[in-house]
Amino acid sequence: MKRAALLLLDHAVVVLFAGVLLIFGFLAPGFLSWASLGNLLIQSSPTAILAVGMTFVLMVAGVDLSVGAAMAVAAAVAGKMMLGGWSMPLALGAMLLIGTACGLINGLLVTRLKIAAFIATLGTLWLGRGCALWITETRAMNLPDSFLHLGSSRLFGIPLPGIVCAMVLAAGHFLLERTPFGRQLRATGHSAEAAAKAGINVRRLLTIAYVICGLCAALGGILALAQLGAVSPKFGLNREFAAIAAAVLGGTSLFGGRGSVFPGSLLGAALIQSVENGLVAINANPYLYPVVTSAVIFLAVLLDTLRQRFRAGMTRQIFQETESEANSAAVT
Amino acid sequence: MGALLEIQNLTKAFHGVPVLRGVSFKIQPGGITGLAGGNGAGKSTLMNLVGGNLRPDSGVMRLDGQVYEPANSAAAARAGISFVHQELNLFPNLTLAENLFLTDFPTRGFWISRSALSRQAAVLLAKVGLAYPPDLPLERLTPGERQLVEIAKALHGRPNLIILDEPTTSLSPPECERLFKLVRALQAEGCAFVFISHALGDVLRLCDHILVLRDGAVADQGAAKDFNIARLVTSMAGREVRQLFPERAERTVNAEVLLEVRGINQPGVVRDISFTLRRGEILGLSGLMGAGRTELAGLLFGLTPHRSGEIFLNGKKLRGGPRPRIRAGMALLTESRGEDGICAGASVNDNILLATLPAHARGPLGWLSSARLKPVVSDVSESVHLQTKRQGGEPIRRLSGGNQQKAVLARWLLAKPQVLILDEPTRGIDAAAKFEIYQLILALAAAGTGVILISSEQEELLALSDRILVMSRGRLSGEFVRPDFNPELLLRAALAHHHSNPEVPA
């Protein structure tokens with residue numbers, strides 16, 4: 001019975017996703033068309049990529065609140081470069097570099113200065129937001145058309161953002177599941193102290209996790225930028241919450257040590273995007289969006305807590321009752 | 001035959017306080033050396049030097065005749081010395097194979113070679129007699145099986161010497177037997193062991209050679225066949241300890257029922273538990289690991305819920321969590337002192353006052369007066385023979401295990417409990433401190449407190465209890481009233497309800 005409940009909790013994202021699709025499909029005809037669903041996947045690819053990076057940080061029981069800000073700084077610099085006549089590949093390279101640097105700063109704050117991840121990345125969130133406002137001078141920048149083409153071009157008939165997203169998902173999945181680094185990351189998330197005793201270089205491992213998160217923030221930023229075609233001072237605002245919610249909805253635990261990149265992060269991101277798209281499709285009051293989004297975040301965290309409680313509850317049972325014992329209990 | 005490991009005149013001091021004062025001994029290849037000693041005798045420090053976790057201040061270690069100076073535990077492992085610590089260092093969220101090879105995955109380029117991992121893990125698991133698939137998550141294993149995984153991990157480095165630090169504390173008797181069988185099998189293959197344990201009976205039974213440390217020096221050593229419990233205890237304590245247990249005054253237990261438990265059920269934990277506890281009675285609770293004794297204690301104290309059944313204290317039904325029960329006169333000394341018994345960083349005195357602070361508050365704002373608290377703390381500290389260096393101002397984690405436990409006892413004495421539940425009160429404590437705690441328990445009972453004593457040490461239960469209840473798989477499976485105590489019948493009762501023991505009558 002409890003095992004069944006845990007199984008359901010572990011796959012709650014699938015059930016929720018199906019439910020959301022059915023409800024909006026019922027309320028807004030056309031929501032369930034192939035074109036609309038394809039669009040949904042493409043639109044959710046930036047969040048999915050952010051969620052992949054976030055999974056690495058959550059896996060070690062950390063958190064990165066600064067991914068949205070990192071996106072904004074990288075986009076602001078790239079925008080300035082391209083308007084200043086630099087070529088697109090250079091601007092994209094600069095974005096990736098900035099994302100990596102942001103991750104490295106977070107990682108060093110957490111591992112060297114021993115600042116709690118929540119506070120350290122809250123600090124870099126404000127730092128990044130400030131820098132983005134300063135660089136853009138609070139004005140929006142329209143990017144050259146070449147950038148928008150990036151978002152709409154296709155390779156073998158598949159939209160480029162979809163391909164990038166698939167590649168990041170695959171890389172993240174194999175890194176986490178099939179390399180010593182990934183397994184040691186999982187161990188560190190369970191107990192950093194035990195991992196250090198086992199001879200794992202915990203500081204290096206944590207730093208790399210934050211760097212991966214920053215790099216994913218930049219990659220997600222590039223895809224988001226290619227869909228918007230413009231850098232606004234508010235670019236990437238609150239994306240950290242979507243990323244955390246997507247990862248946690250996908251089964252990654254805020255307590256560390258449990259979770260997956262695929263299919264968890266992808267499904268979580270698609271679930272969040274489908275809620276946002278659905279609200280648009282049914283012409284909901286835009287002021288309601290944050291209310292619904294916050295409800296999704298609460299739901300994600302609630303699910304995680306329930307999973308944790310169920311696991312603890314199952315270990316609290318000290319022996320498995322046999323069927324006859326259970327029956328005799330029903331009689332007494 | 002040359003010695004495998006030869007240690008000469010090893011010394012080590014922490015912050016100028018000498019912990020080892022010139023220790024010399026030899027370990028023969030394929031021998032099992034028992035290392036005994038009270039808390040603070042230097043056992044852990046000595047083995048941390050051998051295991052590469054610490055470096056000596058002076059002295060020489062020779063391994064196979066070569067000077068041996070390990071820089072860290074990895075270097076020690078390369079030299080063939082593995083250390084299995086008391087706290088298992090395993091990850092329940094990983095598979096068995098991943099736990100075994102966490103820092104040494106077989107790889108093909110960048111990736112883990114899953115076939116090689118599985119194959120090599122299966123070999124190690126087979127060596128320790130665990131017939132599980134290597135990709136099973138560790139969380140599915142019992143504590144005893146996890147101990148075997150830890151040993152399998154140690155075997156990975158093909159060690160010549162394995163140090164086992166208190167390996168049996170969390171094992172049930174059959175799991176202990178399994179471990180000992182494994183140790184002997186590995187010994188037959190030429191592997192030497194150091195076995196650190198407070199379970200002196202186990203030390204005598206398993207080891208060929210025994211080394212006793214006291215105050216950082218070798219107090220006694222020799223062949224195990226020349227030792228008995230009395231000699232071990234004498235060497236550990238450094239004075240003739242006439243007996244392990246205090247004299248128990250002949251007395252009759254007051255007939256007044258203090259605590260009554262009626263038909264308590266919680267699926268998977270306890271089943272149909274009913275018993276009474278009388279004023280001034282010491283009620284022993286015996287059973288194997290995992291029989292549900294600790295869980296029953298938590299349930300009586302209101303830490304965990306139960307599905308049906310009632311608990312009455314002085315005829316009043318108990319409801320709610322621990323706080324109303326503490327007010328009603330209940331106290332629980334928990335099994336794992338380090339985790340949920342003490343606030344490690346807080347001072348000894350703060351730990352002692354933890355449960356009774358509101359009672360000492362004065363005035364409408366509830367001020368605490370240190371002048372008023374001081375005599376309270378010093379009185380109770382004295383009554384439990386608590387030894388502190390700065391009048392209890394130092395963090396409690398600096399105290400030895402025995403003194404920590406006395407401080408926790410002092411905390412509950414201040415609450416003047418009518419019912420005191422003691423869960424493994426002497427675990428990991430040296431013989432002298434044990435003796436003092438036994439005296440305290442007897443004194444409390446003589447003063448009218450009802451004591452429920454949970455212990456895995458049968459001698460302890462036999463020596464102290466007025467009555468012993470035995471639990472097995474969540475049920476009560478036996479009741480014995482002094483003087484009709486019989487160790488064999490106790491064990492039989494503890495084995496009842498176990499499906500793997502059909503030959504044991506329930």
Next on the checklist: Assuming 0.36 nm per residue, please report the length gained on full extension of the stretch residue B:228 to residue B:55 beyond their Cα-Cα distance.
Outcome noted: 59.0 nm
Item to check | Derived scalar couplings ³J(HN,Hα) [the stretch B:333-339; Karplus, 6.51 cos²θ - 1.76 cosθ + 1.60; whole Hz; x for Gly, Pro] | outcome: 9, 7, 5, 9, 4, x, 8
Item to check | Cα→Cβ-extended label distance, 7 Å offset, between residue A:140 and residue A:26, nm | outcome: 3.7
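How large is the helix-only mean residue ellipticity at 222 nm for chain B, computed as the sum of -39500 (n - 2.57) over DSSP H runs with n ≥ 4, divided by its residue count, in deg cm²/dmol to the nearest 500? List each step's numbers first, then the result.
Values: 17 runs with 163 residues, N = 506.
Here the helix-only value at 222 nm equals -9500 deg cm²/dmol.
Report the gain in length on full extension from residue B:357 to residue B:383: 0.36 nm times residue separation, minus Cα-Cα distance, nm rounded to one decimal. Display every interim value, and only then the final one.
Details: separation 26, 0.36 × 26 = 9.36 nm, distance 1.91 nm.
Taking residue B:357 through residue B:383 to full extension adds about 7.4 nm, to one decimal.
Assuming R0 = 25 Å, what is the FRET efficiency of residue B:119 and residue B:158, from their Cβ-Cβ distance, to the nearest 0.05?
On the way: r = 17 Å, r/R0 = 0.66.
The computed FRET efficiency comes out at 0.90.
Stokes-Einstein diffusion coefficient for the stretch B:259-320 at 37 °C in a medium of 0.692 mPa s, Rh from the Kirkwood formula over Cα pairs: what value in µm²/s? Each step should come with its number before you reach the end.
Numbers: Rh = 12.1 Å.
Using the Kirkwood radius from Cα pairs, D works out to 271 µm²/s.
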Item to check | Alpha-carbon centroids, the stretch A:60-137 and the stretch B:352-399: separation in whole Å | outcome: 51
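What share of Cα pairs, in percent, lie more than 18 angstrom apart in the stretch B:10-100? Show your work: numbers first, answer last.
Details: 2176 of 4095 pairs.
So the portion of pairs separated by more than 18 Å is 53 percent.
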Checklist entry - Taking every pair of alpha-carbon atoms in the stretch B:124-220, what share in percent sits in each 5 Å bin, from 0 to the bin with the longest distance? => result 2, 11, 23, 24, 18, 12, 6, 2, 1, 0
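Compute the normalised compactness of the protein assembly as shown: alpha-carbon radius of gyration over 2.2 N^0.38 Å, N being the residue count.
Details: Rg = 31.5 Å, N = 838, 2.2 N^0.38 = 28.4 Å.
Dividing the Cα radius of gyration by 2.2 N^0.38 Å gives 1.11.
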Next on the checklist: Could you work out how much longer the chain between residue A:36 and residue A:116 gets when fully extended? Use 0.36 nm per residue separation minus the Cα distance between them, nm to one decimal.
Outcome noted: 24.6 nm
Next on the checklist: Quick check: pseudo-label points 7 Å beyond the Cα along Cα→Cβ at residue B:136 and residue A:291, how many nm apart are they?
Outcome noted: 5.2
Next on the checklist: Against the empirical 2.2 N^0.38 Å scaling, what ratio does the C-alpha Rg of the stretch B:199-339 come to?
Outcome noted: 1.47
Checklist entry - In nm, to one decimal, how far is the residue B:69 label point from the residue A:5 one, both placed 7 Å along Cα→Cβ? => result 6.0
Checklist entry - Dividing the convex hull volume of the Cα atoms of the stretch B:361-506 by its residue count, what figure in Å³ per residue is obtained? => result 157
Item to check | Table column - 3J(HN,Hα) (Hz), the stretch B:64-75, Karplus curve with 6.51, -1.76, 1.60, x for Gly and Pro | outcome: 6, x, 8, 5, 10, 10, x, 7, 7, 5, 5, 5
Checklist entry - How long is chain A along each principal axis, judged by its Cα atoms, biggest number first, in Å? => result 81, 55, 39
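Using only C-alpha atoms and all pairs of different ones, pull out the Kirkwood radius for the stretch B:263-385 in Å with one decimal.
Details: mean 1/r = 0.0585 Å⁻¹.
Result for the stretch B:263-385 stands at 17.1 Å.
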Checklist outcome for this item: The answer for residue B:472, listing residues at least 5 apart or on another chain whose modeled amide H is closer than 5 Å to its amide H, is B:477
Next on the checklist: Taking R0 as 60 Å, what FRET efficiency do you get between residue B:111 and residue B:312 from their Cβ-Cβ distance, rounded to the nearest 0.05?
Outcome noted: 0.45
Checklist outcome for this item: In the structure shown, of B:316/B:416; A:197/B:434; B:374/B:406; B:12/B:43; B:225/B:434, the pairs separated by more than 22 angstrom at the C-alpha atoms are A:197/B:434; B:225/B:434
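Projected area of chain B, taken from the Cα convex hull and averaged over every viewing direction, in nm²?
Working: hull surface 109.9 nm².
For chain B, the mean projected area of the Cα convex hull comes to 27.5 nm².
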Next on the checklist: For a bin width of 10 Å, list the pair-distance distribution of the stretch B:396-478 built from all Cα-Cα distances, rounded to whole %.
Outcome noted: 16, 50, 28, 6, 0
Checklist entry - In a Debye calculation with equal point scatterers on the alpha-carbon sites of the stretch B:96-141 and no solvent, what is log10 I(q)/I(0) at q = 0.29 Å⁻¹? => result -1.10
Next on the checklist: Ignoring solvent entirely, what values of log10 I(q)/I(0) come out of the Debye formula for the stretch B:83-167 at 0.12, 0.19, 0.20 Å⁻¹ when each Cα is a single scatterer?
Outcome noted: -0.32, -0.80, -0.89
Checklist outcome for this item: A correct Karplus calculation of ³J(HN,Hα) over the stretch A:181-193, with 6.51 cos²θ - 1.76 cosθ + 1.60, θ = phi - 60°, whole Hz and x for Gly and Pro, returns 3, x, 6, 5, 4, 4, 5, 4, x, 5, 7, 5, 5
Item to check | Helix B:401-414 vs. chain B, principal-axis angle (Cα, 0 to 90°, nearest 10) | outcome: 10
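For residue B:217 and residue B:28, what does the FRET efficiency come to when R0 = 25 Å and r is the distance between their Cβ atoms, rounded to the nearest 0.05?
Values: r = 22 Å, r/R0 = 0.86.
Plugging the Cβ-Cβ distance into 1/(1 + (r/R0)^6) gives 0.70.
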Checklist entry - Which lysines, on any chain, are close to residue A:80 with Cα under 24 Å apart, when same-chain ones fewer than 8 places away are left out? => result A:234
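Working from the alpha-carbon coordinates of the stretch A:100-149, get Rg over Rh, Rh being the Kirkwood radius.
Working: Rg = 15.0 Å, Rh = 12.8 Å.
A ratio of 1.18.
Out of every Cα-Cα pair in the stretch A:106-185, what percent are more than 18 Å apart?
Counting pairs separated by more than 18 Å, the tail of P(r) holds 71 percent.
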Item to check | Local electrostatic count at residue B:452 - Lys and Arg +1, Asp and Glu -1, tallied over other residues with Cβ under 15 Å | outcome: -4
Checklist entry - Relative to the longest principal Cα axis of chain B, at what angle does helix B:370-383 sit, 0 to 90 degrees, rounded to 10? => result 70
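How do A:131-140, B:444-453 rank on mean C-beta neighbours within 10 Å, highest first? All intermediate terms of the calculation are to be shown ahead of the outcome.
Values: A:131-140: 15.4, B:444-453: 20.5.
Averaged packing, sorted descending, gives the order B:444-453, A:131-140.
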Next on the checklist: Restricting the calculation to Cα positions, tell me the Rg (one decimal) and the Dmax (whole number) of the stretch B:1-160 in Å.
Outcome noted: 17.9, 52
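Which number comes out as Rg/Rh for the stretch A:14-63 once both Rg and the Kirkwood Rh are worked out on C-alpha atoms?
Numbers: Rg = 14.5 Å, Rh = 12.7 Å.
For the stretch A:14-63, the value is 1.14.
Just so you know, all these numbers are worked out from the coordinates, no wet-lab data involved. Keep in mind that this is a model prediction, so the values were computed, not measured. Don't worry about glycine lacking a Cβ; one is built from the backbone with ideal geometry, like all the others, and counts go over all protein chains shown.
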